[in-house]
1. Can you give me the distance in nm between label points at residue 285 and residue 331, each placed 7 Å from the Cα along the Cα-to-Cβ direction?
2. Given the Cα-Cα distance of residue 221 and residue 11 and 0.36 nm per residue of separation, how much length would full extension add, in nm?
3. Using a Cα-Cα cut-off of under 19 Å, which lysines could be cross-linked to residue 323, ignoring same-chain neighbours fewer than 8 residues away?
4. Please order 279, 15 by the number of other Cβ within 10 Å, starting at the fewest.
5. Rounded to the nearest Å, what's the spacing between the alpha carbon centres of the stretch 245-294 and the stretch 186-241? Just the number, please.
6. Please work out the Cα convex hull volume for the chain and give it in Å³ per residue.
7. Which peptide among 64-74, 252-262, 327-337 comes first, and what is the full order, when sorted by highest mean count of other Cβ atoms within 10 Å?
8. For the pair residue 251/residue 108, report the inter-label distance in nm, with labels modelled 7 Å from Cα in the Cβ direction.
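Read-outs throughout are calculated quantities, based only on the coordinates presented, and are distinct from any laboratory measurement. Keep in mind the model is a prediction, meaning the values are calculated, not measured. Note that we place each Cβ from the backbone using ideal geometry, even for glycine, and neighbour counts take in every protein chain shown.
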Amino acid sequence: MIIGVPKEIKNNECRVGLTPKSVSALSKNHKVYIEKDAGAAIGFSNQIYIDSGAEILDTASDIYDSSELIVKVKEPLPEENQFLSSKNVLFTYLHLAGNKENAKNLISTGVTGVAYETVTADDGSLPLLSPMSKIAGQISLVVGQYFLLKPNKGLGTLLGAIENVSAREVSVVGAGVAGTEAIKKGLSSGAHVNVLDISQNKLDELQHSFGTENISYILSNTDSISNAISKSDLVIGSVYVVGKEAPKVITKDMLKVMKPGSVLVDISIDQGGCVETSRPTTHDDPVFIEDGVVHYCVTNMPGAVPLTASLALNQATLPYIEKIADLGLSQALKEDLHLANGLNMADGIVKHDSVSAALNS
């Protein structure tokens, strides 16, 4: 199979679909094209890719025209849709529910789209979403603390206790993969962490893992969320529903109870955001203030650590890429029902029930 990797063009997106190590594995049996300088920003030079068995092509158009399987990181932007057609299989994060207009334009190209974020595993987890969720969860505390600094529009606090000054509060709404990483980081910062989730079983599991010191476990509902965020300096929104737009669990009215200068990080923004007032931002311009609350809503948070993120992503995706390349997509989907759950669209039709419901809502 001919595999192509275009350079990512989203704002400050330096991740790359295939690392040189992945190219070395794939190029033994397949042709691999890499767009010129696709990995240069994270130290993967054109020569390194050539030495790994790839051929360098000059433009994105060349990549899409020459390749059957397109391996990316982020969903194609409108200017990339023009290159796609029914001859391509696109393997990437799609997040179709996060931008319905772009999703419909992408679907209309006829491309076959397999989304990392809806590929499943035997235990019900999402193995290709998980590594980026873990990174986003860790980053949420880093950026949250940064924007709590007074020169960065925040309240002006450190999260941990200092001598006789009490620790501050962090609330994590949604205790999935990203939320769990945020909890770990919050505890390691010395903050008191409020964990809110709709599943009592999940809260019980987390209590078994983290104990009861400096942490509260709260069944999530409108009242409990409002109470928790009213006391918090930093709120992490990390709610995810497979294939669907994130539910708005923090409403605009709830912002009125939050402290001016408190920070809200919406990890769910790729899926439309779990905060009613969220809107997509970029690494160039990551925050805005609404009702006195600093909102961080960057849609590609792991892009802040593109080398780490590319390495972690490739560890997860390479076995699936090899399967598609070796067997062809149709046979690969027949043999692997979890990979088949990643099929979001083909021939101009949405193939995933949850995605279809989200786009038609």
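1. Simple spin-label model gives 5.0 nm for this pair.
2. 72.1 nm
3. Straight-distance partners of residue 323: 21, 28, 31, 72, 87, 334.
4. Going from least to most buried by this count: 279, 15.
5. Distance between centres, Cα-based: 17 Å.
6. On the way: hull volume 48.4 nm³, N = 361.
Cα-based convex hull of the chain, divided per residue, equals 134 Å³.
7. Working: 64-74: 21.8, 252-262: 16.7, 327-337: 15.0.
Per-residue mean Cβ counts within 10 Å order the peptides as 64-74, 252-262, 327-337.
8. Taking the simple label geometry, residue 251 and residue 108 are separated by 3.6 nm.
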